[in-house]
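Worksheet: the structure to be examined is printed underneath.
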Amino acid sequence: MSPSQESVFPEYETETSQTSKLIKKFKDTPFVPIGMGGFAAVVAYGLYKLKHRGDMKMSLHLIHMRVAAQGFAVGALTCGVLYSMFRDYVVKPKE
């Protein structure tokens, strides 16, 4: 591209850091990072409790942890969708 031509998409060529993009994305959808963090916390807890599961079978323990992690992630995403619908349809004034 020659320097005399104008850019077609100037908003994509602005100098922004990855951190500012990530913060903007988190502000737009706050429940996604909450879901990701909860998922990671459940997985970490499951790995920690793996040693102290008693006489429970390994497969049963892994199934319980998988269901808990998926439940937390799906619950957080559902709350995010409900929050965005509330923000768009209830709080936002009608035009």
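The values are calculated or read from the model by the stated rules, or taken from the named source; none is laboratory data. In this text the structure is predicted, and so the values were computed from the model without any measurement. Neighbour counts are summed over all protein chains in view; Cβ atoms, including those assigned to glycine, are modelled from backbone coordinates with ideal geometry. Keep in mind that these areas ignore ligands, DNA and RNA; they rest on the heavy atoms of the full protein, side chains included. Shrake-Rupley method; radii C 1.70, N 1.55, O 1.52, S 1.80 Å.
The table that follows gives values for the structure above.
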| read-out | value |
| --- | --- |
| Simple Cβ-charge dipole of region 31-95, Lys/Arg +1 and Asp/Glu -1, about Cα centre, in debye nearest 20 | 200 debye |
| Per-residue SASA entry for H52, accessible area with 1.4 Å probe, Å² rounded to 10 | 120 Å² |
| Exposure rank, largest accessible area first [K27, K51, K92; 1.4 Å] | K51, K27, K92 |
| Above-threshold pairs, the threshold being 25 Å between Cα atoms, out of K24/K49; K25/K49; K25/K92 | K24/K49; K25/K49 |
| K24 versus H52: modelled label distance in nm, points set 7 Å from Cα along the beta carbon direction | 4.5 nm |
| Solvent exposure ordering (accessible area, 1.4 Å, most first) of D55, D28 | D55, D28 |
| Heavy atoms of Y48 accessible to a 1.4 Å probe, total area in Å² rounded to 10 | 150 Å² |
